[in-house]
Structure formats: structure tokens, C-alpha cells
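Worksheet: the structure to be examined is printed underneath.
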Amino acid sequence: MAHLKKKDGLWVLHNDKDFCMGLTKEIQDELGEVSFVSFPKIGQTVKAGEPFLEVEAEKAVSEFKSPVTGVVASINEKAEKDPAALNTEDELDAWVLSFRQVDVEEFETL
């Protein structure tokens, strides 16, 4: 069963053993059209509360802090090539990356 949590403009979806993260619809609306995304590297450890993602858009440039600690397993390659792919009506299509080695208890406290 999947669990979805939201924090600080990001959503985190835990589906069995996978964790996926993306931009909430609210932050998409606040930012406007996304024009550039600075992704972390695959294999990089990201710590909760530390900056890991920068998004440039028509209304603002925003730096996001990770809601959980984990290792980057994959990034949205479509959005890396074309950041406008994150301008979507379905917020789950605005996924940015997936994590592995996430502490489930840390996720549950979001």
C-alpha cells in the first residue's frame, strides 16, 4: 500500500520499498513555469533538512530541503532534459527523483 506525505512544497510517496519525491501542485502554482532544475547526482546521500534541489521558474528560484535522508537512486531524466515536464496537472507526474535507504520511521514522522 502506498503512503503519500507532503512537506515544504514536496511530496514523498512510499510504495513498498521505493520512495519517490516530487513537486506538489501548490508549489507548481506558486513557482509558475519551470525552466531549470539542478538535480543531485545518482548515488549521492541527501540528508533531511539539507538543500538538495534548486528549481528556477518564471515567478521564483527556489531551493528545496530534503524531507528525508536517503541515497538518490534515480532522477527524472525527462525533466532533466526538459524541465517544463514538471509543469503538469497531475502532481505525481512532477516527480523529481527516487530514493533508496530511507528510514521508514523518519518518513512516517513527516
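The values are calculated or read from the model by the stated rules, or taken from the named source; none is laboratory data. All values reported here derive from a predicted model rather than from experimental measurement. Neighbour counts run over all protein chains shown; Cβ positions are idealised from the backbone, glycine included. The area values use the complete protein model at the heavy-atom level, side chains included, leaving out ligands, DNA and RNA. Shrake-Rupley method; radii C 1.70, N 1.55, O 1.52, S 1.80 Å.
A compact table of results
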| quantity | calculated |
| --- | --- |
| Options 46, 12; residue that is free of Cβ contacts under 8 Å to residues at least 60 places away in the same chain and either basic (Lys, Arg) or at negative phi (or both) | 46 |
| Some residue of segment 92-102 being polar (S, T, N, Q) and at positive phi | yes |
| Strands (runs of 3 or more DSSP E) within segment 34-110 that include 2 or more residues open to solvent by less than 40 Å² (accessible area, probe 1.4 Å) and touching a Pro at 6+ places or on another chain (Cβ under 6 Å) | 34-38 |
| Number of the exception - residue 27 against (1) open to solvent by 40 Å² or more (accessible area, probe 1.4 Å); (2) outside any strand (DSSP E or B) | (1) |
